[in-house]
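Before any comments, here is the structure.
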Amino acid sequence: YRPTPREEQLKTHQTTQEQMRNLTWQALAAGANGLLYYSFFDLQKMAWKTPFEETFGNVCTVAGEVKRFEDVFLYCDSSEAVATSSENLAARMWRYRGDIYLAIVNLHAGNVSGSVVSSDGFAHRENLLGIVPASVSGGRVAVEMGPFDVCFIRLSPKKR
C-alpha cells in the first residue's frame, strides 16, 4: 500500500453506488463464496472529495442488499453459471426451496441487450433488485441493460 499524491487523487473518483452494486453482483455471478468490502480508511481520506457518510452509506446499502438474500446464497440447493446470449452479460442461477433465483449483470460500460435461457419453464417471476427484465417466457429471460445495471429475480418453475 502506498500513499497516492493529491494530484493523482484529483484524477480519480469514489466508486459510485451503482458501480459498487455492479462489481458486487459480478463477483456473485462469477461464483464468489464470500464478499469483503475494504478501504474504510481510504473512504475517510477521500472525504474532502466525497463526504465519508455518503460513500460509507453506499457500501452499507449494497452490502445490505446482498444480506437480504443471504439464505439463497449460503443455503441454496445448487448454484450454477448460466450461458448468456452476449459476452457483455454474466448470469448465475441459485436453486433454493423450489424457486430459481437469477442474477444478470451488465459487464460492459454501455447498453447491452441479451437473454438467458434455462431448461426450466417459469410460471411466475418476482423482481427482487435492479432492472425489470424486458420479458420472461418459457425458460428465456430477456434484458435491456444500461451501464452498471443489475437484475436479480425469483422465478417459480412450472409444475411438471
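Below, the figures for the structure above:
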{"quantity": "Residue identified as open to solvent by 50 Å² or more (accessible area, probe 1.4 Å) and over 22 Å from Val116 (Cβ atoms) among Asp71, Asp42", "calculated": "Asp71"}
{"quantity": "Residue match in segment 98-120 (condition: surrounded by fewer than 21 Cβ atoms within 10 Å (Cβ to Cβ), modelled with pLDDT of 90 or more and of a type in the set (D, E, K, R))", "calculated": "yes"}
{"quantity": "Boolean, Phe73 is under 20 Å from Trp94 (Cβ atoms) and in contact (Cβ under 8 Å) with a residue 60 or more places away in the chain", "calculated": "no"}
{"quantity": "Residues satisfying the stated conditions in segment 50-62, i.e. in contact with a helix residue (DSSP H, G or I) (Cβ under 8 Å, 6 or more places away or on another chain) and either exposed (fewer than 15 other Cβ atoms within 10 Å of the Cβ) or farther than 21 Å from Asn106 by Cα (or both)", "calculated": "Phe52, Thr55, Phe56, Thr61"}
{"quantity": "Only listed residue being more than 19 Å from the chain's Cα centre (by Cα), among the aliphatic types (A, V, I, L, M), modelled with pLDDT under 95 and open to solvent by 70 Å² or more (accessible area, probe 1.4 Å), chosen from Ala83, Ala123, Ala47", "calculated": "Ala123"}
{"quantity": "Pick from segment 145-156, criterion more than 21 Å from Glu70 (Cα to Cα) and surrounded by 15 or more Cβ atoms within 10 Å (Cβ to Cβ), ranking: modelled with the highest pLDDT", "calculated": "Met145"}
{"quantity": "Extreme residue, least open to solvent (accessible area, probe 1.4 Å), among residues of segment 1-38 that are assigned to a helix (DSSP H, G or I), in contact with a helix residue (DSSP H, G or I) (Cβ under 8 Å, 6 or more places away or on another chain) and over 20 Å from Asn111 (Cα atoms)", "calculated": "Leu28"}
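The values are calculated or read from the model by the stated rules, or taken from the named source; none is laboratory data. All values reported here derive from a predicted model rather than from experimental measurement. Glycine gets a Cβ as well: all are built from the backbone with ideal geometry, and neighbour counts include every protein chain shown. We work out accessible area using only protein heavy atoms, side chains counted, and drop any ligands, DNA or RNA first. Shrake-Rupley method; radii C 1.70, N 1.55, O 1.52, S 1.80 Å.
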